[in-house]
Structure formats: C-alpha cells, structure tokens
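Below is one structure, written out as structure tokens; comments come after it.
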Amino acid sequence: DCKGQKLGRLATIIAGLLKGKGKPNYYPSIDVGDNIILINADQIVINENSKHYIVSNPGRPGHALRIKNVSDCLPKFTIQRAVKGMLGESEKKRLMRRLNIYNEQNHPHQAQTPVKIDISNFYTNLKV
C-alpha cells in the first residue's frame, strides 16, 4: 500500500523485494525475487519543493525539448522510473515485468492471495 509513503524509500524497498534480497536463500546469480503489487499509487508523497525534471526526447539543443516536473507526471510512471533507476542494467527488463502498479485499492490479482507487507516499518521488522 503506497498511501502516505515517500517515493525514494518506497523505491528502495521495492527494488530489494524484486531482487529477493530479504530472503535467507538469496544469491546474486539465482533469481529468488517476488512479484510486487502496489495499490493506491496516486497517494505517494513527492517533495514539491525539490527540482526533479524528466527530459523526454532531447534531440538537438533547443528543438523538441520537453521538460516535465515529476509532480505533474502520472504516479505509475514516476514509481516505475524510480525503481528502474535502482536496478542494474542486466536485470531491469526482467524484474520490471514483476511490478504491478494500480492507482486504486482494487486489483485483478486477488486470486493469487497476495501477502500484505507493511512498508512504513519494513526495516525494523526485517530480521537478518
């Protein structure tokens, strides 16, 4: 549940869960990650004062340059971009297929009986 969560902290936790780093049988060359379902993505907290811009299609300088503020973009795109930046080059495409982001509470994955993880105190509950 993304309600009231900060974007950076949420992205680091998601990247670790996609890789499977919280599991006792984690090994870097073996894929032991999980599928992630994020709900209420439109309620994430983004710092409005910081200047984070997305430059799309830079091309030649001064031509066809579009700069968007992160707070103006879709929350799904913002979360995907943050998580993708925290993954390695060789694992981005494979691991991003496991990330499902929804703007509301309902999602079509109820039949898989997903386990709810409390992200607000994730690192304090993690026993290593």
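Structural remarks
- Each of the peptides 7-13, 84-90 was scored by the mean count of other Cβ atoms within 10 Å over its residues; in descending order, highest first, they stand as 7-13, 84-90.
- Excluding same-chain neighbours fewer than eight residues apart, the aspartates and glutamates reachable from Lys6 by a Cα-Cα span under 14 Å are Asp42, Glu48, Asp118.
- ³J(HN,Hα), Karplus 6.51/-1.76/1.60, whole Hz, each residue of segment 112-122, x for Gly, Pro: 7, 6, x, 9, 7, 10, 7, 7, 4, 10, 5
Here, each number is a calculation from the coordinates, and none is a lab measurement. Given the structure is predicted, the values throughout are model-derived calculations rather than measurements. Quick reminder, even Gly has a Cβ in these numbers, built from the backbone with ideal geometry, and neighbours come from all protein chains shown.
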